[in-house]
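Trainee: The structure that follows is given in the form of structure tokens.
Bear in mind that the values in this text are calculations on the coordinates, not laboratory data. Everything quoted here is computed from the prediction, not taken from an experiment. Glycine also receives a Cβ, built like all others from the backbone with ideal geometry; neighbour counts cover every protein chain displayed.
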Amino acid sequence: MDDVGLVEADAFKPDSSLLVVYVAEAPVFAAGHIPGSVHVAPAELVGGVAPATGRLPDPRRLNGLFGRLGYRPDLNIVAYDDEGGGWAGRFLWTLDVMGHRRWRYLNGGIHAWAAAGKPLERGIGRQPNPTSVALDIDPSPVAEAEDVLRAINDPEQVIWDVRSLAEYRGERRAAQRTGHVPGAVHLDWLDLKNPRDHQRLLPDLEALLRRHGIVADKSIITHCQTHHRSGLSYLVGRLLGFPRLRAYHGSWSEWGNRDDLPVATGGPEAACG
């Protein structure tokens, strides 16, 4: 059974039984992190191969990363970042892909922690004892381009695009072709969190998603440009208990650079149901 959830900064007490992961660039991590945290750089979570740079890294790289973190299947893991859930969500999606479903997201990340007056540690952070890791990949949280293509005309599926409205409409170019997957629903990742509340998730997300047709009884595929911003939308879906949820890790950097896939412009389009 999955054991995933949300933890608030004022109630969070890190201890030695937890692996606490801060996903951030190295200077940001060194400037201040939750005591006992380990550092993961965003680049460690992506394949980095153009044009679809956000695809999952190969197993060798994942084994190396999680071995460095001292990963064990029995660990309880808490993740946070400095932006309100994008990179933390990408990390937690990676845990799901590994079949590790014992995790928590620190709501608001480092901003909420600092606002709660909690202590910060500086420097390189905790260096766990390395472990030998040979991960098995669970493909169920992963969507490929062919999965998205099949979802376009399927009323039981929703494609959730969390990029900016300008990207969705085709007014901003970030790939060879601009626009969106035909029929995709637009709900910007920025609209899922509150910058006036230290980047915490909005309290009424289920109602917000429902207004866009993003509901638990549909199969949901979420994406952005590189499956960074959609790390947050994936995280939100998991916290809401959506049972059929996937992230398209190729995202628009793959879709928009292939000439064999359909593209729409304008919008936004609304979901049915």
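Trainee: Find, to one decimal place in angstroms, the Kirkwood hydrodynamic radius of the chain, where the mean of 1/r is taken over every pair of different Cα atoms and then inverted.
Mentor: On the way: mean 1/r = 0.0531 Å⁻¹.
Its Kirkwood hydrodynamic radius stands at 18.8 Å.
Trainee: If contacts are Cα pairs under 8 angstrom and at least 6 residues apart, what is the relative contact order of the chain in percent? Working shown, then result.
Mentor: Numbers: 591 pairs, mean separation 63.1, N = 273.
This gives 23 percent for the chain.
Trainee: Give a quick list of GluC sites (Glu not before Pro) in the range 168-262 that DSSP marks as loop, anything other than H, G, I, E or B, with at most 13 other Cβ atoms within 10 Å. Could you put the intermediate results ahead of the total?
Mentor: On the way: sites: GLU171, GLU206, GLU254; in loops: GLU171.
Passing both the DSSP loop test and the Cβ count: GLU171.
Trainee: A follow-up question, please. What does the charge count near PRO57 come to, summing +1 for each Lys or Arg and -1 for each Asp or Glu among other residues with Cβ under 12 Å from its Cβ? The partial results should precede the final answer.
Mentor: Values: positive: ARG55, ARG60, ARG61, ARG90; negative: GLU44, ASP58.
My count for the surroundings of PRO57 gives +2.
Trainee: Right, something else. Taking R0 as 30 Å, what's the FRET efficiency between GLU8 and ASP260 from their Cβ-Cβ distance, rounded to 0.05?
Mentor: On the way: r = 46 Å, r/R0 = 1.53.
Rounded to the nearest 0.05, the efficiency is 0.05.
Trainee: Tell me the net charge near ASP82. Cut-off is 13 Å between Cβ atoms, ASP82 excluded, with +1 for each Lys or Arg and -1 for each Asp or Glu.
Mentor: Values: positive: LYS193; negative: GLU25, ASP81, GLU83.
Local net charge: -2.
Trainee: Let me have the relative contact order for the range 3-115, percent, based on Cα pairs under 8 Å that are six or more residues apart.
Mentor: Working: 166 pairs, mean separation 40.6, N = 113.
Computed value for the range 3-115: 36 percent relative contact order.
Trainee: Tell me which lysines have Cα within less than 26 Å of LYS118's Cα, excluding those fewer than 8 residues away on the same chain?
Mentor: Of all the lysines, those that pass the test against LYS118 - Cα under 26 Å, at least 8 places apart if same chain - are LYS13, LYS193.
Trainee: In the range 1-95, which GluC sites (Glu not before Pro) are in a loop and have at most 15 other Cβ atoms within 10 Å, using DSSP for the loop call? Numbers along the way, then the final one.
Mentor: On the way: sites: GLU8, GLU25, GLU44, GLU83; in loops: GLU8, GLU25, GLU83.
Answer in residue order: GLU8, GLU25.
Trainee: Counting other Cβ atoms within 10 Å, keep those with at most 11, restrict to DSSP loop, and tell me which GluC sites (Glu not before Pro) in the range 99-162 are left. Please list the in-between numbers first.
Mentor: Numbers: sites: GLU121, GLU144, GLU146, GLU156; in loops: GLU144, GLU156.
When the GluC sites (Glu not before Pro) of the range 99-162 are filtered for loop state and at most 11 Cβ neighbours within 10 Å, GLU156 remain.
Trainee: Continuing with the same structure: Can you run the Rg to Rh ratio on the range 179-273? Use alpha carbon positions and the Kirkwood inverse-distance Rh.
Mentor: Values: Rg = 13.5 Å, Rh = 14.1 Å.
My calculation puts Rg/Rh at 0.96.
Trainee: Could you calculate the contour length gain from GLU25 to SER140, that is, 0.36 nm times the residue separation minus the distance between their Cα atoms, to one decimal place in nm? Display every interim value, and only then the final one.
Mentor: Working: separation 115, 0.36 × 115 = 41.40 nm, distance 2.88 nm.
Result: 38.5 nm gained on full extension.
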